[in-house]
Amino acid sequence: MIRTAVAVPSSAKTALPRDTARPTDDVEAMPASRASESTPVILDVANLRTYFFTYDGVVKALDGVNFQIHRGETLGLVGETGCGKSVTAFSITRLIADPPGRIMDGRVMFKGANLLFGVEREATFKPIPKTNRIKVRRRYRRIRAGQDRMTAVRGGGISMIFQEPMSALNPIFSISDQIGEALALHRGIEVIDGLLTAKTRGPEVETALQAVADAARANSGHVLRPACVAFGEATGVPSLGTQAYYMFRGASADPESKIPELRKALRRAEFSSLQRNFLLHRRRVLVLENSLKASFLEEMRTGKLDSNHRRYVRTKRLALQLSTLYLGLWGIKRHAQKPLNDELFWRVVHLLEGVSIANPVQVARGYPHELSGGMLQRVMIAMALSAEPALLVADEPTTALDVTIQAQILELMRELKTKVGTAILLITHDLGVIAEVADRVCVMYAGNVVETAPVAELFQRPLHPYAQGLLSSIPRMDEPDKKLESIPGSVPNLIYPPSGCRFHPRCPHAMPVCKEKRPPMTLEGGGHTVACYLYNGPVVEG
């Protein structure tokens, strides 16, 4: 049961009686999203259905989920454990374990591309007589094609912070290797172009280098950091500025002794012919990969397959790899990729600085088991935002953290959303977290969205009995003497879900119609929608 204290405006009232909870707005029927008409929709989820085929029967984990997320918006997804929050996140990113899970139906539109394109042709279903089970025949070629198409979206378009970071990070690779891999995959062309156009000699570089030494002598980080940033800009490689900062930090007594080290660091942007050939080869491969991703995106937007282009790109990529086989030999590859590895390392250090890690160089060289839960979560956020995605899916990012670290992570996510403009789908059962960071809230129950509203509106005027029960079970700062209540019963078995409204067995206001037919989603004013027969506003389309 949730027991997090929630701060709401002093004018906030407790749940209204059923006969007086109707809003006064007379609004005509309209599409589901109205709260952010001025900003484009990044993600549109419609009628999403995800089932799990088990020996006991078919678990209908998601049964018609609908919501939208606008650019730069934080949408909170809340509900009890087992209501389908994490399954929703994994369905959007197509990370559902198959078997036993399958996305059965629905539409997930991401910036005009249908991420579920072709999902209906990936398997056939045949009921097993005299049982509740269904036999699933999977078409693995189509499943692989669907996963290939998702590579065009994952990372660069949609990133995810997993609920347990230790299970999402590889224990045998360092932090810099793992974040660097994401950087090389999604921003590799930018990284290589920066290296190939670097300036390591000339009066401008010498002047910036001496300015770094003078700033270090002043023994002030406020002076040293801008000087190092200017040094990175002078060379055309910003990561050299980050490297210079950590070289000269604490060298106020004798900064001149660090100048030879910095000159040596500059040489990582001076390449042998082998290293230059390797960088050009990597760039050509990444250009082909981006062409393939563009083809996949076009397929998901138009619904038309383009197998000829994919075949052409893959053939050209294979020919390129065969012509440069010598670059894959261990000794040659180790020498050839050293400039790229060094550049990725210092870019990772800069990313770790952005998530407020105090000793980013040490953390970048370390391994996941050496870090605390809060540090691992920051590493996951840095990795997720390394490609500056349009949408960040955060699956309970603060659940396993203490209160102090929770506050830091939430503040960090708010700052990064402001800087990068990323939309966030925040999944949590903690309404205190929702009150702190969310713009809108979707309340889920047993695989359905039962209420959607702006965050202040939901806390002031919850309409659905389930949302009212959730808010009644948490302490309130404006009502310290309030008696906490609980919702009777438990989440239903989704193999045999209740008929009609799935909440009716636990609802104190259940009516006969609630047991017969699922209530439609109705608009109750101000972007506030609810699926409950206690209200009779205009039915929401879609």
> What number of residues within region 433-476 satisfy the criterion of being under 16 Å from residue 84 (Cβ atoms) and among the β-branched types (Val, Ile, Thr)?
Replying inline: 5
> Among the residues of region 185-197, is there at least one that is free of Cβ contacts under 8 Å to residues at least 24 places away in the same chain and either assigned to a strand (DSSP E or B) or not aromatic (Phe, Trp, Tyr) (or both)?
Replying inline: yes
> When residue 431 is evaluated against the numbered criteria (1) within 19 Å of the chain's Cα centre (by Cα); (2) crowded, with 24+ Cβ neighbours inside 10 Å; (3) modelled with pLDDT under 90, which criterion, by number, is the only one it fails?
Replying inline: (1)
>> Going residue by residue through region 63-83, is there one that turns out to be over 29 Å from residue 433 (Cα atoms), surrounded by 17 or more Cβ atoms within 10 Å (Cβ to Cβ) and among the small types (Gly, Ala, Ser)?
In response: no
> Checking residue 441 against (1) in a helix (DSSP H, G or I); (2) crowded, with 22+ Cβ neighbours inside 10 Å; (3) modelled with pLDDT of 90 or more; (4) of a type outside the set (Ser, Thr, Tyr), which single condition isn't satisfied?
Replying inline: (1)
> Got a sec? Which of 265, 208, 251, 213 is in contact (Cβ under 8 Å) with a residue 24 or more places away in the chain, surrounded by 15 or more Cβ atoms within 10 Å (Cβ to Cβ) and not in a helix (DSSP H, G or I)?
Replying inline: 251
> Can you tell me which residues in region 353-367 are more than 17 Å from residue 240 (Cβ to Cβ) and surrounded by 21 or more Cβ atoms within 10 Å (Cβ to Cβ)?
Replying inline: 355, 357, 363
> Listed residues 67, 52; which is farther than 23 Å from residue 430 by Cβ, in a strand (DSSP E or B) and not aliphatic (A, V, I, L, M)?
Replying inline: 52
> surrounded by fewer than 13 Cβ atoms within 10 Å (Cβ to Cβ), over 30 Å from residue 54 (Cβ atoms) and of a type in the set (S, T, N, Q) - does that describe any residue in region 178-197?
Replying inline: yes
> Are any residues in region 296-322 closer than 23 Å to residue 111 by Cα, of a type outside the set (Lys, Arg) and either in contact (Cβ under 8 Å) with a residue 24 or more places away in the chain or assigned to a loop (DSSP other than H, G, I, E, B) (or both), and if so, which ones?
Replying inline: 296, 297, 299, 300, 303, 305, 306
>> Out of the residues in region 254-308 meeting the condition of being touching a Phe, Trp or Tyr at 6+ places or on another chain (Cβ under 8 Å) and under 25 Å from residue 189 (Cβ atoms), tell me which one is modelled with the lowest pLDDT.
In response: 299
>> I need the full set of residues from region 466-494 which are surrounded by 15 or more Cβ atoms within 10 Å (Cβ to Cβ) and out of contact with any strand residue (DSSP E or B) (no Cβ under 9 Å at 6 or more places or on another chain), in order please.
In response: 468, 469, 472, 473, 487, 492
>> Just to be sure before I move on: is residue 274 exposed (fewer than 15 other Cβ atoms within 10 Å of the Cβ) and assigned to a helix (DSSP H, G or I) in the structure I sent?
In response: yes
> Say we look at region 377-423 and pick out the residues that are assigned to a loop (DSSP other than H, G, I, E, B) and of a type in the set (Ser, Thr, Tyr); which of these is nearest to residue 364 (Cα to Cα)?
Replying inline: 386
> On the given criteria, is residue 174 among the hydroxyl-bearing types (Ser, Thr, Tyr) and without any contact (Cβ under 8 Å) to a residue 24 or more places away in the chain?
Replying inline: no
> Any idea which of 436, 479 is modelled with pLDDT under 90 and either over 22 Å from the mean Cα position of the chain (by Cα) or basic (Lys, Arg) (or both)?
Replying inline: 479
>> Against the definition (out of contact with any strand residue (DSSP E or B) (no Cβ under 9 Å at 6 or more places or on another chain), over 30 Å from residue 399 (Cα atoms) and modelled with pLDDT of 90 or more), how does residue 202 come out, yes or no?
In response: no
> Given (1) over 27 Å from residue 40 (Cα atoms); (2) out of contact with any helix residue (DSSP H, G or I) (no Cβ under 9 Å at 6 or more places or on another chain); (3) of a type outside the set (D, E, K, R); (4) in a helix (DSSP H, G or I), where does residue 348 come up short, assuming only one miss?
Replying inline: (2)
>> Looking at region 105-120 only, could you name the residues that are crowded, with 19+ Cβ neighbours inside 10 Å and either hydroxyl-bearing (Ser, Thr, Tyr) or assigned to a strand (DSSP E or B) (or both)?
In response: 106, 108, 110, 113, 114
> Condition test on residue 395, is it out of contact with any His (no Cβ under 8 Å at 6 or more places or on another chain), surrounded by fewer than 19 Cβ atoms within 10 Å (Cβ to Cβ) and of a type in the set (Asp, Glu)?
Replying inline: no
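The values are calculated or read from the model by the stated rules, or taken from the named source; none is laboratory data. Everything quoted here is computed from the prediction, not taken from an experiment. Reconstructed Cβ throughout: ideal geometry from the backbone, glycine too, with neighbour counts over all protein chains shown.
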